[in-house]
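A short worksheet on the structure shown next.
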Amino acid sequence: MKKLRIGIFGFCRGAYYVDHLLTNNTSVVAVCDKRKDRLEQARKKLGDTTQYYEDFESFINHPLDAVVIANYFHEHTEYAIRCLEKNIHVLCECISNATMAEGVRLVEAAEKSKAIYMLAENYPYMLFNQEMKRIYEGGSLGKCFYAEGEYNHNGDPYCSTPDAWNNIKVLFDGEKHWRCHLPRTYYVTHSLAPIMYATGATPIRVTAMPVYFPLPKDCSRASYVGEKAAIITTLNNDNSVFKFTGCSTFGASDNSYRLCCEKGQIENIRGTGGKIMLRYDPWQIPDGREENNFYMPKWNDPDAKLIKNTGHGGGDFCVVREFISCVRENRKPDFDVYFATKMSSVAILGHRSLLEFGMPYDLPNFKNKEDRDKYRNDTLSPFYYSDGREPTIAPCSDPDYKPSDRQIENFNKVLKG
Ligand SMILES: NC(=O)c1ccc[n+]([C@@H]2O[C@H](COP(=O)([O-])OP(=O)(O)OC[C@H]3O[C@@H](n4cnc5c(N)ncnc54)[C@H](O)[C@@H]3O)[C@@H](O)[C@H]2O)c1
């Protein structure tokens, strides 16, 4: 079988794709990053047969079958569109679009293109999330009425713990970096995608509340966001309701999901490394189960050995494998452009709701032209634009909130130290 020729755009998160791409019988033929140190890292890993580029235009002219887009969080869309226009398949990091207008343009580009667009959302492929989907689809729980998703990733605000999540030099490149301006609803895919994927429900209306507790004034983070979390709710197209956090920073990090259904509930238990709790009404217990079941799910997958040791609970490997097989089989991915832009709409309009302390917003259906036209010129963004323009909407529920001088000084000291 001919090896697909893959390019990686952005070699920070992008570096984590290399091994999975190689084990899935592809060649990484080109890497692009504007930072020379990251290109040097790539060269060390991939050698001299791969080509290295500092600018996207030269990179995209290299002969490529597919591109992994892993540049800045809020700048994926333009590059994804450029690939789709050239019929190059796209595996795009989260999120798909940071403005509503970009969402419209992305959908239209994907509809016109012969290439496949897939969002690289990895959390639904974690073992416990796959188990919840498997049990739900098995039917023993009946219809899901309500589901919860929590992506909770706390960081030491003083950066005194030497792990990756506290490594400011890896995570940021200055005060204008997207992570300093990231509203809590925007990093939504890891909490929302697993429950959308498991239940098949699609959000149609969103509200969000801020959990406003700013960081200590003397810490080493320069965040323009004072919230610890956004509590987001959606009404869905099947009358079910979701409640999820966006990205939260409560003490004791873990990710957790829960489906509440007609005959029982299933969830992963926080702090257990992925144990499942599956409970039924005493009068609706299926054969072979107890009323309360606690167990560690097992991979039932031909690639189990490979998957077990990969990042994000196996999710990173599964995303790449799914993308490559969609390309090879010319099959539509589950996390297609509509799934992806729906989640971005939740992120963007959820933030507007949060700024108005819970005002509900209807979510557009980008399959309809009327809905697209409504948002075609909506370019509001809480991030610095790629051409250097200032953000056009506040990132935080307190419009006057900004990091203290001390925080900025400490942040820059760690960044440059
Ligand atoms: N799914 C996951 O589990 C997961 C985990 C981490 C990051 N991510 C996502 O990966 C993306 C990147 O995040 P990150 O952690 O790598 O940090 P980052 O955004 O700081 O890194 C982006 C990289 O892209 C390069 N880059 C940016 N614009 C460029 C341009 N125009 N031309 C060339 N190079 C450019 C930067 O130099 C940098 O090396 C984000 O969307 C983030 O959400 C996803």
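Each reported figure results from applying straightforward, stated rules to the coordinates on display, with no laboratory input. Not measured: the values here are computed from a predicted model. Because the Cβ atoms are built from the backbone with ideal geometry, glycine has one as well, and the counts that use them run over all protein chains shown.
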Return Met277, Met1 ranked ascending by Cβ neighbour count within 10 Å, so the fewest neighbours appear first. Met1, Met277
Taking a straight Cα-to-Cα line shorter than 19 Å from Lys305, and setting aside same-chain aspartates and glutamates fewer than 8 residues away, one finds Asp19, Glu131, Asp316, Glu322
What does the charge count near Asp301 come to, summing +1 for each Lys or Arg and -1 for each Asp or Glu among other residues with Cβ under 10 Å from its Cβ? +3
Which chymotrypsin sites (Phe, Trp or Tyr not before Pro) from segment 127-221 combine a DSSP loop assignment with at most 15 other Cβ atoms within 10 Å? Tyr158
Toward the positive end of the charge dipole of segment 4-119, about the Cα centre and with charges on Cβ (Lys, Arg +1; Asp, Glu -1), which of Leu64, His74, Ala42 goes farthest? Ala42
Once the piece of chain linking Glu137 and Lys217 is laid out straight, how much longer is it, given 0.36 nm per residue of separation minus the C-alpha distance between them? 24.0 nm
Where Rh is the Kirkwood radius over Cα pairs, Rg/Rh for segment 1-145: 1.04
What's the tally of Lys pairs in segment 4-119 whose alpha-carbon atoms lie under 22 angstrom apart, where the two lysines are 8 or more places apart or on different chains? 7
Using alpha carbon centers only, segment 10-52 is separated from segment 322-373 by a whole-angstrom value of 29
What do you get for trypsin sites (Lys or Arg not before Pro) in segment 199-239 restricted to DSSP loop and a cutoff of at most 15 other Cβ within 10 Å of the site's Cβ? Lys217
Within segment 40-130, list the trypsin sites (Lys or Arg not before Pro) lying in a DSSP loop whose Cβ has at most 15 other Cβ atoms in a 10 Å radius. Lys86, Lys114
Report the local net charge at Tyr212: Lys and Arg +1, Asp and Glu -1, summed over other residues whose C-beta lies under 9 Å from its C-beta. -1
Quick check: the distance between the Cα centres of segment 57-120 and segment 136-202, to the nearest angstrom? 22
Radius 9 Å from Cβ of Ile195, net charge of other residues (Lys, Arg +1; Asp, Glu -1): 0
Among bridges DSSP assigns within the chain, what percent are antiparallel (round to 5)? 55
Under a straight-distance cross-link criterion of Cα-Cα below 30 Å, which lysines are reachable from Lys143, leaving out those fewer than 8 residues away in the same chain? Lys133, Lys243, Lys263, Lys275, Lys298, Lys332, Lys342, Lys367
